[in-house]
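First the structure, then my questions, so here it is.
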């Protein structure tokens, strides 16, 4: 149980490879669920998408789930990209620099997206 | 340049192409495509919130022939990555390791994502 909690704590960024593997799966499963819901819901918004989206996102539950989805997507892709770096970049230095770079980019993407969605909702 | 002692994964040209390896590398490849697509989603959300002109510009671009072709590849990547991802999750749970089942499920998800995309874009 303590090990399980340790895995949860690091979000897959720790030195522990099991945690990375674990978080990739957790985010994947959650994304499957949320995306199924989202595709189902977005069908009703399609004509005049912008206006309908503005109304739809005002519902707090939709807003929260959408923000969670954004974070899940970016975290899952970040873990995937880090995995590719781990496999194919030999030099430790380049690997470290590119990892920081990608983390930075995904943080920026999360911030802009969440900020925009938040702005639309309020 | 200092390197770690850990060996790298063998580079892709080493392998003889077969359906299993092709599907595996496509999974990564589509993943990277979707990562870059997330930049666009981010820009799209931003423009929807703050810049109507940019939003209209993006919409016009993606209703054109080039934009629609790009979107076709994106939806294909998405459905493929999702289906192959569930295949990976099933493997993690311990199902489908027989080589025959691996081939069958691989073929199945390719066909299924093709059907999904044809339905989505032509009906």
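Just rank A:103, A:93, fewest to most, by other beta-carbon atoms within 10 angstrom.
Fewest-to-most Cβ neighbours within 10 Å comes out as A:93, A:103.
Additional query: Can you give me the convex hull volume of the Cα atoms of chain B, divided per residue and expressed in Å³?
Dividing the Cα hull volume of chain B by its residue count gives 202 Å³.
Using only the Cα atoms, work out Rg/Rh for region A:2-121, with Rh taken as the Kirkwood radius, to two decimals. Walk me through the intermediate numbers first.
Numbers: Rg = 17.0 Å, Rh = 16.1 Å.
Ratio of gyration radius to Kirkwood radius: 1.05.
May I pose another question? Return the FRET efficiency for the residue pair residue B:8, residue A:43: r is the Cβ-Cβ distance, R0 is 51 Å, and the value is rounded to the nearest 0.05.
0.70
Roughly how many whole Å is it from the C-alpha centroid of region B:1-50 to that of region B:71-123?
For region B:1-50 versus region B:71-123, the Cα centre distance is 17 Å.
Here's another thing I want to ask about it. Report the Cα-based extents of the protein assembly as shown along its three principal axes, largest first, to the nearest Å.
Answer, in whole Å and largest first: 54, 40, 38 Å.
Let me ask another. Relative to the longest principal axis of the C-alpha atoms of chain A, give the angle of the C-alpha long axis of helix A:92-121, reported between 0 and 90° and rounded to the nearest 10°.
10 degrees
Roughly how crowded by other chains is peptide B:41-48, in terms of the mean Cβ count from those chains within 10 Å of each of its Cβ atoms?
Details: counts 4, 10, 4, 2, 12, 7, 1, 9.
Mean partner-chain Cβ count within 10 Å for B:41-48: 6.
Normalised by the residues of chain A, what does the relative contact order come to in percent, with Cα pairs under 8 Å and at least six apart? If you can, show how the numbers build up before the last one.
Numbers: 72 pairs, mean separation 31.4, N = 122.
Value for chain A: 26 percent.
I've got another one for you. Helix A:17-42 versus the longest principal axis of chain A: what is the Cα-based angle in degrees, 0 to 90, to the nearest 10?
10 degrees
What is the helix-to-structure angle for B:65-92, meaning the angle in degrees between its Cα long axis and the longest Cα principal axis of chain B, kept from 0 to 90 and rounded to the nearest 10?
Roughly 40 degrees, rounded to the nearest 10.
For peptide A:73-86, how many partner chain Cβ atoms fall within 10 Å of a residue's Cβ, on average?
What the average comes to for A:73-86 is 3.
What percent does the relative contact order of chain B come to when contacts are Cα pairs within less than 8 Å and at least six residues apart?
Over chain B, the number comes to 31 percent.
None of the figures in this text is laboratory data; all of them are computed from the coordinates on show. The structure displayed is predicted, hence computed values, not measured ones. Using ideal geometry, Cβ is built from the backbone for each residue, glycine included, and neighbour counts are taken over all protein chains shown.
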